Amino acid sequence: IMPHYMISGSYTAEGAKALLAEGGTPRLEQAQGLIESLGGTLEAMYFTFGSNDIVGFCELPSDAAAAAASLSVSSSGVINVHVTAMLTGKDLDDAAGIAGQAQYRPPGQ
């Protein structure tokens with residue numbers, strides 16, 4: 001099983017104008033092509049309104065591939081993309097086990 005990621009983004013004014021001219025379906029196809037070119041699978045992508053213009057979910061082989069997707073899209077200058085790693089219950093269980101051994105002193109203590 002590959003790691004899962006949530007992709008969210010917002011278009012700049014220039015990007016929104018281009019989206020209006022080009023339409024949504026070609027952009028979704030482009031997103032799918034990008035994810036597949038990085039060895040992943042696009043599970044779903046939706047246009048939204050509010051603080052984000054797009055939200056998607058995908059599998060990618062590594063954090064480096066996820067970062068490559070983010071860099072490829074954000075460097076265009078017409079959309080700002082954020083990639084969030086999604087954790088399974090087991091991932092969180094593993095993290096909790098590691099955190100129990102971590103050495104940390106809160107500020108002021």
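The values are calculated or read from the model by the stated rules, or taken from the named source; none is laboratory data. A quick note: this is a predicted structure, and the numbers were derived from the prediction, not measured. Neighbour counts are summed over all protein chains in view; Cβ atoms, including those assigned to glycine, are modelled from backbone coordinates with ideal geometry. Please note that ligands, DNA and RNA were not included when accessible areas were found on the heavy atoms of the full protein model with its side chains. Shrake-Rupley method; radii C 1.70, N 1.55, O 1.52, S 1.80 Å.
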*How much length, in nm to one decimal, is gained on full extension between THR48 and MET86, taken as 0.36 nm per residue of separation minus their Cα-Cα distance?*
11.7 nm
*Can you pull out the chymotrypsin sites (Phe, Trp or Tyr not before Pro) in the stretch 39-96 that DSSP calls coil and that have at most 13 other Cβ atoms within 10 Å?*
PHE49
*Under a 1.4 Å probe, what is the accessible area of the chain per residue, stated in Å²?*
66
*Heavy atoms only, probe 1.4 Å: what % of the accessible area of the chain goes to carbon and sulfur, would you let me know?*
59
*In nm, to one decimal, how far is the GLU36 label point from the ALA67 one, both placed 7 Å along Cα→Cβ?*
2.7
*Would you compute, from DSSP H runs of 4+ residues alone, the mean residue ellipticity of the chain at 222 nm, taking -39500 (n - 2.57) per run and dividing by the full residue count, rounded to the nearest 500?*
-13500 deg cm²/dmol
